[in-house]
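What follows is a short report on a single structure.
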Amino acid sequence: MDNLASSRKTYASLTAREAGLVACTTCGLLDHPRQTCQRCGAALHSREPLSYQRTLAWLIAGMVFFIPANLYPMLITNTFGSEQKSTIIGGVIELIEYGSYFVALVVGVASILVPLAKFAVIGLLLASIRRAWKLNPHQRLHLYEITEFIGRWSMIDVFVVAILAALIQLDFVASVNPGFAAVSFALSVIFTMLSAQSLDQRLIWDSMNETDRHE
Amino acid sequence: MNTTSIDPSALIACPNCDLLHTARQVSEGERLRCARCGTKLASSRPNAIDRTLAAAVTNAILIVAALFFPFIQLDGGGTRQSATLIDAVSAFGTGLTAPLVLVVAAFIIVIPFMRASALVYTLWPLRFGRAPYKAAPQAFRLANTLKPWSMAEIFIIGVVVALVKIAGIAQVSLGPAFWMLTAVVLVLLLENHNFCRWTIWQVLGKHTQA
Ligand SMILES: [Zn+2]
Ligand SMILES: [Zn+2]
C-alpha cells in the first residue's frame, strides 16, 4: 500500500488523459497516444468515440422492443385443440396460481424488474455524463456494476419458452410455440446489454471532475 | 507538471476512471484496487494460467460431450422419449421458433465453446513456457468479448423453471447432458475466481512486444 499512497501524492488525481497518455481498455497497457495498442492490437482511444450516442441509441432500441415484449404473447399453448396465449405477466400470474411462489418471483424479477431497472440506471448514467443529474460517483459505479451483473439474467424467460417449445414437441396432446414477445424480449435484452457495453465509464468520472472544479 | 517525463511503463491506469497509479509487483493472493473508484487493477492468483487453462479444457470437452447425451426425458401418454440438445435444436423449423432456438444455441453452446477454445489456444503454449501462438492476442480478445454472452448458467436455471411449469402436463426427468452443463457452470464459477485478464495480458505482452 506504500506505493499506492505515494502515487496519490505524486500524480494527485491525475488521469491518464491529463498526463497525455492513453490506457487500452482491452488489455490495460498504458502508452503514448497512437492508433492501435502495441500489446493487443485493439484500437486505442482515450475516450471511446461516440460512446454517449451509441449507448443512447442501443438503450432506445432496447426500450422500444420491451413494449411488444410485454403486449404480445410469450407462449402459445395448444392443449386438445384449445389455444391459450400468455404474456410475460400472465406467465408470472400462472406460476403464482400453481403455488410456485419462488419461481414466480425469480421470473417476475428477471423479466420485468431487472429490465426496467437497467433502463433507469443507464438513463441516469447518461444524464450524469451531461451533468443533468448529480449523483455520488460511487453510487453510480455500484448501480452500473449491479445492473451489468444481473442484466444478463433477464434472458431466463426466453430460455424457459425455448425449452418448453422443445420439450412439448416430444409430446402428442399438447403443443407449445413461442409468441412474438419471445423474440422481441430477446432482442430487448441483447440491445440493452450492447448499450451498457458501449458506455465508456471514464466519461462519468470526467464529468464528475469537471463539476468539482466548477463548484 | 511536465508530462513528457512520465514513463508509461511505470504506471497503470484504472480501466474505469482513468486515474494513474504506480505499477508494482503484486504479492501472492493480493488485490490492487483503484484509489478513487475501487476497481480491481491487478491481482495475483497463484497458478492463474494453469487453472484457467484447466477450466477451459474441461469446459470444451463437457460442452461437446453434452451434445450427444440425452438432455431431458419426457414420459407422457404412456411412452418415454428422450432428447439430446441437438434433437431439441434441429426439431424446429416453423415460425418464430427457429430464430429463437438459434439464439439460444448460440448463447449456451456455440459461444461458451468458442470462448473455451480461444482460451486454450491462448494459454496452452504459455503453460509449457513457450512463446504464444501468433494469433494469441486476437484469440484472448475474443474470449473476453464473448464472456458476457456466454449464458449456460442462466439456461440451467431456465430448465428448472420450465420443469416447474410443465409439471402438470407431463413427467420430465433430467438426462446426463443436463448435469454436464451444470458442471460447466461450476467450472466457470471457479475459473472466474482465478481469472485475472491483466495478468495474462502481461505474460502475452512480454512476448509480443519483445
Ligand atoms: Zn491493448
Ligand atoms: Zn478507478
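Structure notes:
- Positive-end residue, chain B charge dipole about Cα centroid, Cβ charges, pick of B:44, B:189, B:173: B:44
- Report note on the peptides A:197-205, B:115-123: ranked by the mean count of other C-beta atoms within 10 Å, highest first, their order is B:115-123, A:197-205.
- Using a cutoff of 8 angstrom between alpha carbon atoms and counting only pairs six or more residues apart, the relative contact order for segment A:50-214 works out to 43 percent.
- Dipole magnitude for the protein assembly as shown: about 1260 debye, using +1 per Lys or Arg Cβ and -1 per Asp or Glu Cβ, origin at the Cα centre.
- Accessible surface for the protein assembly as shown, divided over its residues, is 46 Å² per residue with a 1.4 Å probe.
- Computed accessible area, residue A:17, all protein chains, 1.4 angstrom probe, square angstrom: 110
- Crossing angle, helix A:137-151 versus chain A [Cα axis fit, 0-90 degrees, rounded to tens]: 30
- Equivalent ellipsoid semi-axes, chain A, via Cα gyration tensor eigenvalues times 5, rooted, Å: 45, 18, 15
- In terms of accessible area, using a 1.4 Å probe and ignoring ligands and nucleic acids, A:72, A:101, A:52, A:144 rank largest first as A:101, A:72, A:52, A:144.
- Peptides B:177-189, B:8-20 ordered by average Cβ neighbours within 10 Å, highest first: B:8-20, B:177-189
- Candidate membrane-span-like segments in chain B, meaning DSSP H helices with Cα atoms spread over at least 30 Å of their own axis and a Kyte-Doolittle mean of -1.0 or above, do not occur, with no membrane implied either way.
- For chain B, the spread of Cα coordinates along the three principal axes comes to 80, 37, 34 Å, biggest extent given first.
- Take the accessible area of chain A alone and of chain B alone, subtract that of the pair, and you get about 6400 Å² summed over both chains, using a 1.4 Å probe.
- To the nearest 10, the accessible area of residue A:85 is 130 Å² with a 1.4 Å probe.
- Close lysine pairs were tallied over chain B: pairs 8 or more places apart or on different chains with Cα atoms under 27 Å apart number 5.
- Residue-averaged beta-carbon neighbours from other chains (10 angstrom radius) around B:150-157: 4
- Values of log10 I(q)/I(0), in the order q = 0.08 Å⁻¹, for the protein assembly as shown under a Debye, Cα-only, solvent-free model: -0.52
- Using only side-chain charges placed at the Cβ, +1 for Lys and Arg and -1 for Asp and Glu, the dipole size of chain B relative to its Cα centre rounds to 480 debye.
- Between the residues A:104, A:143, A:128, the greatest Cα displacement towards the positive end of the dipole of chain A, with unit charges on the Cβ of Lys, Arg, Asp and Glu, is found for A:128.
The values are calculated or read from the model by the stated rules, or taken from the named source; none is laboratory data. It should be emphasised that the depicted structure is a prediction, and the values quoted were computed from it without experimental measurement. Every residue, glycine among them, receives a Cβ derived from its backbone with ideal geometry; neighbour counts consider all protein chains shown. For accessibility, only protein heavy atoms count, side chains too; no ligands or nucleic acids. Shrake-Rupley method; radii C 1.70, N 1.55, O 1.52, S 1.80 Å.
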